[in-house]
Structure formats: C-alpha cells, structure tokens
Amino acid sequence: MAIKSPKVSSCEVAECAYNRNGECHAMAITIGGEGCPMCDTYFVSEEEGGFNEIKGSVGACHQEDCRYNDALECIAKNISVGMHGDHAECLTYESVEEIGEEEYEEELEEV
Ligand code: SF4
Ligand code: SF4
C-alpha cells in the first residue's frame, strides 16, 4: 500500500487562520468527530496559521463511516473543505451506506 497524506485541494472557509486565498496551509488537519466530518483544525485567530509554502494535508480522520476512510485515515487522493451550517466540513465525505459495503471493500483492496 502506498501511503500518502491526501491534500486539501481547496477550502472555502476564508475566516480560518490557516486559509489564504482558498487554500489550507496547515501541515496536517484532523477531520471528524461527533458523527460529522468537521475540520477540527479550523481556528479563528488574528495570527496567520501554517506556512505559505505548505499545502494543507489530512493528518487523520475519525469519520469511520466515510467510503474513503480506512483505519481512521483518509485514503482519498485529495479533499475539499467548506462551510456546513456553522462549522467547517469535509465536502468529499460520502457514507459507506450510500455506496454499499461490497463496493467499499472492493475499493479498499484497490488502494
Ligand atoms: S481545511 Fe480546515 S484548517 Fe484548513 S483552512 Fe480549511 S477550515 Fe482551516
Ligand atoms: S474524504 Fe472521508 S475519510 Fe477523507 S477526510 Fe473526508 S470524511 Fe475523512
């Protein structure tokens, strides 16, 4: 298995300290918790977060019912993040229930 952190290809959450021009600059974000694929790294501050030369990546994901989740890690090529209600959320999330367990198992074998 080739292990590579998925990149955050875009993030619409302009007020987050790690966001510059629609891009995340946090080294490794954490997604998921309390049944929702929220970005737990989201943080509002006057301080700029992250480094300009770094493109944000997913460090870990607790959203175990997502089709791209294996062993609480994200195996998508990349993800996008946006606002959902009052919180930042992974927009790439799709539940295993939607695609079915069989297809999910086949996908994991291909990784
Ligand atoms: S992905 Fe999360 S940490 Fe990165 S800019 Fe968006 S809300 Fe902030
Ligand atoms: S695509 Fe799925 S596994 Fe990857 S970060 Fe988003 S919710 Fe987690």
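Values quoted throughout were computed directly from the atomic coordinates according to the rules given, and no laboratory measurement underlies them. On a predicted model such as this, the values are computed, not experimentally measured, just so you know. Note: ideal-geometry Cβ built from the backbone for every residue, glycine included; neighbour counts use all protein chains shown.
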Exercise for review: Using only Cα atoms, tell me the angle between helix 101-110 and the longest principal axis of the chain; keep it within 0 to 90° and round to the nearest 10.
Suggested key: 70
Check your understanding: For the peptides 50-60, 16-26, 99-109, what is the packing order when you average, over each peptide's residues, the other Cβ atoms within 10 Å and list the highest mean first?
Key -> 16-26, 50-60, 99-109
Practice item. Evaluate the range 7-110: find the radius of gyration of its Cα atoms, find its Kirkwood radius, and give the ratio Rg to Rh. Key: 1.00
Practice item. Considering Cα pairs under 8 angstrom that are at least six residues apart, work out the relative contact order of the range 1-55 and quote it in whole percent. Key: 35
Check your understanding: What does the highest-first list of 86-93, 40-47, 70-77 look like by mean Cβ count within 10 Å?
Key -> 86-93, 70-77, 40-47
